[in-house]
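Trainee: This structure is in C-alpha cells; I'll ask about it shortly.
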Amino acid sequence: WWRGRHVAILGCGAIGSAVAMLLARAGAGKVVLYDRDIVKPGVLVRQLFDRYQIGLGKAAATAKNMTFANRNVEALSSHSDVVKIIASDERRSELLKADVIINATASTTAATALEKQFRSWPKDHPPIISMALGHNADHALLTMAVNAVPGIAIDLDR
C-alpha cells in the first residue's frame with residue numbers, strides 16, 4: 001500500500017526515524033521529514049542515527065538514512081518547527097499535499113496544534129496518523145484521523 005505514496009513525517013526521533021526507514025523499505029515514493037532538533041550523542045542508543053551524524057539535523061540525517069535503504073525514495077528534509085508549519089498557511093498547504101501525515105513528535109504541543117488546526121478544517125485532509133510510546137516502550141498508542149472524524153490526535157486519544 002505504501003509503494004509510491006507521498007508521506008509527511010512530523011518528528012524524526014525514536015518513532016519518526018524508525019517509521020521513515022520502514023517507509024523507505026516499503027517503497028514510499030516521496031517522504032518529507034520535519035524536525036527542528038539535531039542529532040546529539042545521547043540519542044544514539046534509542047534513535048536510528050550514527051555517531052557520524054552528530055550535529056546534523058534529525059530530518060536531514062533521517063533523509064540520508066532513507067536513501068541508503070532505498071535509493072529510489074525521494075526523501076526531503078525540513079529543519080523546521082512543526083507547530084509553526086501547522087500555523088502557517090503556506091507551509092500547511094505544502095503539508096496537505098501528502099497522501100498521509102504521520103505525527104511522530106510525541107509532543108502535546110504539536111498534537112494540540114494539529115487538533116486546533118484540523119478538527120474543524122473545512123477542506124479535505126489526508127489521514128493523520130499519530131503515534132506515541134510509553135517511557136519504557138511497553139505501551140503504544142496509534143490513532144488515525146480521517147475526514148469524517150470530528151477530532152485529531154488529542155480528541156481520539158481521549
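Trainee: Residues of the chain: accessible area per residue at 1.4 Å, in Å²?
Mentor: Value for the chain: 55 Å² per residue.
Trainee: With all protein chains present and a 1.4 Å probe, how do M21, M144 order by accessible area, largest first?
Mentor: Per-residue accessible area, sorted high to low, gives M144, M21.
Trainee: Restricting to Cα pairs below 8 Å that are 6+ residues apart, what does the relative contact order work out to for the chain? Please round to a whole percent.
Mentor: Contact order relative to length: 22 percent.
Trainee: Another question about this same structure. Rounded to the nearest 20 debye, what is the charge dipole size of the chain about its Cα centre when +1 sits on each Lys and Arg Cβ and -1 on each Asp and Glu Cβ?
Mentor: Magnitude of the dipole: close to 340 debye.
Trainee: Quick one: angle between helix 108-118 and the longest Cα principal axis of the chain, in degrees between 0 and 90, rounded to 10, please.
Mentor: 40
Trainee: So, with a 1.4 angstrom probe, what is the percent of accessible area on the chain that is carbon and sulfur?
Mentor: With neighbouring chains kept in place, the figure for the chain is 53 percent.
Trainee: Next question. How large is the helix-only mean residue ellipticity at 222 nm for the chain, computed as the sum of -39500 (n - 2.57) over DSSP H runs with n ≥ 4, divided by its residue count, in deg cm²/dmol to the nearest 500?
Mentor: -9500 deg cm²/dmol
Trainee: While we're looking at this one, here's another question. In the chain, with Lys and Arg counted as +1 and Asp and Glu as -1 at Cβ, which of these residues, W1, C12, L48, has the Cα nearest the positive end of the dipole, that is, farthest along it?
Mentor: Value: L48.
Trainee: Determine, for each peptide in 96-107, 74-85, 41-52, the mean count of other beta carbons within 10 angstrom over its residues, then list the peptides with the highest first.
Mentor: 96-107, 74-85, 41-52
Trainee: Looking at segment 1-44, which trypsin sites (Lys or Arg not before Pro) are in a loop (DSSP not H, G, I, E or B) and have at most 13 other Cβ atoms within 10 Å?
Mentor: When the trypsin sites (Lys or Arg not before Pro) of segment 1-44 are filtered for loop state and at most 13 Cβ neighbours within 10 Å, R3 remain.
Trainee: Still on this structure, I have one more. I'd like the antiparallel share, as a percent to the nearest 5, of DSSP beta bridges with both residues in the chain.
Mentor: Within the chain, antiparallel bridges account for around 30 percent of the total.
Trainee: Tell me whether segment 37-92 comes out rounded, prolate or oblate; compute the Cα gyration tensor, take square roots of the eigenvalues as a ≥ b ≥ c, and use a/c under 1.5 as the rounded threshold.
Mentor: oblate
Trainee: Related question: Find the relative contact order for segment 24-97 and round it to a whole percent, using C-alpha pairs within less than 8 Å whose residues are 6+ positions apart.
Mentor: Here the relative contact order equals 39 percent.
The values are calculated or read from the model by the stated rules, or taken from the named source; none is laboratory data. Quick caveat: nothing in here was measured; it's all calculated off a predicted structure. Because the Cβ atoms are built from the backbone with ideal geometry, glycine has one as well, and the counts that use them run over all protein chains shown. Only protein heavy atoms, including side chains, enter the accessible area calculation; ligands, DNA and RNA are left aside. Shrake-Rupley method; radii C 1.70, N 1.55, O 1.52, S 1.80 Å.
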